[in-house]
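Asks: Can you read through this structure? Questions will come right after.
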Amino acid sequence: MRIAAYFAGWLLALPGILLAAAILAVHRAVALGNLFAIAWEALVAFAYGLPLAGLAALVVCILGLFRMGRVIGAGMLLVGALGTLAVILEATGSPKGVDEALFFAPTVAAAAIAGWLLQADNRADAPPRPAVDPPR
């Protein structure tokens, strides 16, 4: 169950992470201003980013198979989801209505799943509590 929740959380966060990366890339392109510099940055980002993105996806999948890996991956998911929300809200402003706010639902759900995974996997490692408090 926790493994499925881990992968579901990453799949829910993926569209928001891609949108945040696109927003940051557009801001960088506007800051450069030169068409040749933009093309060069895009070429370098594609050449170095594609293998790194594949490696990151492989690491996320491997982390999901072990309890301690899920704790680390859930922490990364929580930071990524909250960072995604921060970047998108900073760039676009607060949502104007319910229809715009619903766009954030998958990312918020991914953050909630990450929080639940952190709590559940850390609780599984805690020593059991005694049923009755010891006398003092």
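The values are calculated or read from the model by the stated rules, or taken from the named source; none is laboratory data. Note that the structure is predicted; figures quoted are calculated from it, not measured. Don't worry about glycine lacking a Cβ; one is built from the backbone with ideal geometry, like all the others, and counts go over all protein chains shown. Side chains are part of the model used for accessible areas, which takes the heavy atoms of the whole protein and leaves out ligands, DNA and RNA. Shrake-Rupley method; radii C 1.70, N 1.55, O 1.52, S 1.80 Å.
Asks: Over what distance in Å are the Cα centres of segment 1-77 and segment 87-120 separated?
Replies: One Cα centre to the other: 17 Å.
Asks: Note down the net charge around residue 116, summing +1 for each Lys or Arg and -1 for each Asp or Glu among other residues with Cβ under 15 Å from its Cβ. Provide the component values of the computation, followed by the final result.
Replies: Values: positive: 2, 67, 70, 123; negative: 121.
Value of the local net charge: +3.
Asks: While we're here: Within 15 Å, Cβ to Cβ, of residue 106, how many net charges do the neighbouring residues add up to if Lys/Arg are +1 and Asp/Glu are -1? Intermediate values should be presented prior to the final figure.
Replies: Numbers: positive: none; negative: 99, 100.
Net of charged neighbours comes to -2.
Asks: Assuming R0 = 35 Å, can you tell me the calculated FRET efficiency for the pair residue 37 and residue 79, based on Cβ-Cβ distance, to the nearest 0.05? Spell out each step's value before the answer.
Replies: Working: r = 31 Å, r/R0 = 0.87.
My answer for the efficiency is 0.70.
Asks: I've got another one for you. Can you list the residues of segment 78-114 with backbone N under 14 Å from a point 7 Å past the Cα of residue 30, pointing along Cα to Cβ?
Replies: Under 14 Å, as judged by backbone N against the label point of residue 30, lie 88-93 of segment 78-114.
Asks: Based on the alpha-carbon gyration tensor of segment 1-53 and its eigenvalue square roots a ≥ b ≥ c, which shape applies: rounded if a/c is under 1.5, prolate if not and a/b is larger than b/c, or oblate?
Replies: Working: a/c = 6.62, a/b = 2.39, b/c = 2.77.
Note, shape of segment 1-53 comes out oblate.
Asks: Classify segment 54-102 as rounded, prolate or oblate from the Cα gyration tensor: take a ≥ b ≥ c as the square roots of its eigenvalues, call it rounded if a/c is under 1.5, otherwise prolate when a/b beats b/c and oblate if not.
Replies: Prolate, since a/c reaches 1.5 and a/b exceeds b/c.
Asks: Now, a different point. Show me, for segment 107-112, the HN-Hα J-couplings you get by feeding each phi into the Karplus relation (A = 6.51, B = -1.76, C = 1.60, θ = phi - 60°), rounded to Hz, glycine and proline as x.
Replies: 3J(HN,Hα) across segment 107-112, in whole Hz: 5, 5, 5, 5, 5, 5.
Asks: What FRET efficiency comes out for the pair residue 94/residue 21, r = Cβ-Cβ distance, R0 = 22 Å, nearest 0.05? Write out the running numbers ahead of the final one.
Replies: On the way: r = 21 Å, r/R0 = 0.96.
Given R0 = 22 Å and the Cβ-Cβ separation, E is 0.55.
Asks: If you don't mind, another one. With the full set of protein chains in place, find how many percent of the accessible area of the chain is carbon and sulfur; take the probe as 1.4 Å.
Replies: Numbers: 6980 of 9320 Å².
Percent of accessible area from carbon and sulfur atoms in the chain: 75.
Asks: Could you state the accessible area per residue of segment 1-73 in Å², with a 1.4 Å probe and every protein chain left in place? Don't skip to the end; give the middle numbers.
Replies: Details: 5010 Å² over 73 residues.
Accessible area per residue: 69 Å².
Asks: Considering the options 93, 27, 1, tell which one lies farthest towards the positive end of the dipole of the chain, charges being +1 on Lys and Arg and -1 on Asp and Glu at the Cβ, about the Cα centre.
Replies: 1
Asks: Using the alpha carbon gyration tensor of the chain, what are the three equivalent-ellipsoid semi-axes (square root of 5 times each eigenvalue), largest first, in whole Å?
Replies: On the way: eigenvalues 277, 77, 28 Å².
They are 37, 20, 12 Å, listed largest first.
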